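Okay, structure first, notes after.
The values are calculated or read from the model by the stated rules, or taken from the named source; none is laboratory data. Quantities reported herein were computed from a predicted structural model and do not represent experimental measurements. Quick reminder, even Gly has a Cβ in these numbers, built from the backbone with ideal geometry, and neighbours come from all protein chains shown. Surface accessibility is based on the protein's heavy atoms, side chains included, excluding ligands, DNA and RNA. Shrake-Rupley method; radii C 1.70, N 1.55, O 1.52, S 1.80 Å.
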Amino acid sequence: QAQFVESGGGLVQPGGSLRLSCAASGSIFGIVTMGWYRQAPGKQRELVAHITPRGSPYYADSVKGRFTISRDNAKNTLYLQMSGLKPEDTAAYYCHAPGRVDPWGQGTQVTVSS
């Protein structure tokens, strides 16, 4: 099983930027699609973006044009560059491999507020 450790969250004002990182253990990172998910209080976890092993990205409509997903397969690390942050982006952010049953990490909290 892979394990994921997210970091980089924090409190930011509307319009601000943050860069999230996800360190993955195990041998699967370089050969699977990886994704960023988020879960706001009282809401279901939702997919924000994912990226194939070769680097082809997908974005949810709500973040398209504002967020950029990337990966460094040599470092087993996934990134999410977030800009133009809005209060509705406030959530706990998690990385995971879509379709796999690895345990979820602790997540990293992003709070967008003035």
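Out of the residues in the range 93-114 meeting the condition of being part of a strand (DSSP E or B) and open to solvent by 20 Å² or more (accessible area, probe 1.4 Å), tell me which one is nearest to Ile51 (Cα to Cα).
Taking the range 93-114 and keeping what is part of a strand (DSSP E or B), we get 93-96, 108-112.
Remaining after also requiring open to solvent by 20 Å² or more (accessible area, probe 1.4 Å): 94, 109, 111.
Values: Tyr94: 14, Gln109: 21, Thr111: 24 Å.
The qualifying residue nearest to Ile51 (Cα to Cα) is Tyr94.
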Pairs, first farther than 15 Å from Phe4 by Cβ in the range 57-77, second open to solvent by 40 Å² or more (accessible area, probe 1.4 Å) and of a type in the set (Asp, Glu), C-beta under 9 Å, six or more apart: Ala60/Glu46; Ser62/Glu46; Ser62/Glu88
field: Residues located in the range 25-50, provided they are hydrophobic (A, V, I, L, M, F, W, C) and at pLDDT below 95
entry: Ile28, Phe29, Ile31, Val32
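Would you please name the residue that is farthest from Gly26 (Cα to Cα), looking only at residues in the range 72-91 that are among the polar types (S, T, N, Q) and in contact with a Phe, Trp or Tyr (Cβ under 9 Å, 6 or more places away or on another chain)? Give the steps one after another, and end with the answer.
Residues of the range 72-91 among the polar types (S, T, N, Q): 73, 76-77, 81, 83, 90.
Going one step further and asking which of them are in contact with a Phe, Trp or Tyr (Cβ under 9 Å, 6 or more places away or on another chain), we end up with 73, 76-77, 81, 83.
Working: Asn73: 12, Asn76: 9, Thr77: 12, Gln81: 24, Ser83: 30 Å.
Within the range 72-91, the match that is farthest from Gly26 (Cα to Cα) is Ser83.
Just the residues that are in a strand (DSSP E or B) and closer than 13 Å to Gly105 by Cβ, please, taken from the range 39-57.
Of all residues in the range 39-57, those in a strand (DSSP E or B) come to 39, 46-51, 57.
Across the range 39-57, the qualifying residue is only Gln39.
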- prompt: Inside the range 9-38, can you point out the residues that are under 21 Å from Thr111 (Cβ atoms), of a type outside the set (S, T, N, Q) and open to solvent by less than 50 Å² (accessible area, probe 1.4 Å)?
  reply: Gly9, Gly10, Val12, Gly16, Leu18, Leu20, Cys22, Trp36, Tyr37, Arg38
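Looking at the structure I just gave you, is Leu80 open to solvent by less than 20 Å² (accessible area, probe 1.4 Å), in contact (Cβ under 8 Å) with a residue 60 or more places away in the chain and assigned to a loop (DSSP other than H, G, I, E, B)?
Working: open to solvent by less than 20 Å² (accessible area, probe 1.4 Å): yes; in contact (Cβ under 8 Å) with a residue 60 or more places away in the chain: yes; assigned to a loop (DSSP other than H, G, I, E, B): no.
So Leu80 fails the test.
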- request: For residues that are under 16 Å from Val101 (Cβ atoms), of a type in the set (A, V, I, L, M, F, W, C) and outside any loop (DSSP other than H, G, I, E, B), tally how many sit in the range 1-28.
  value: 2
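Hey, can you tell me all the residues within the range 58-69 that are within 18 Å of Gly99 (Cβ to Cβ) and part of a strand (DSSP E or B)? Steps first, answer last, please.
Of the range 58-69, the ones within 18 Å of Gly99 (Cβ to Cβ) are 58, 60, 69.
Result: Tyr58, Ile69.
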- request: Could you tell me whether Val48 is open to solvent by less than 40 Å² (accessible area, probe 1.4 Å), touching a helix residue (DSSP H, G or I) at 6+ places or on another chain (Cβ under 6 Å) and under 18 Å from Glu6 (Cβ atoms)?
  value: no
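Does Gly30 qualify as being touching a residue at least 40 places away in the same chain (Cβ under 8 Å) and among the small types (Gly, Ala, Ser)?
So Gly30 passes the test.
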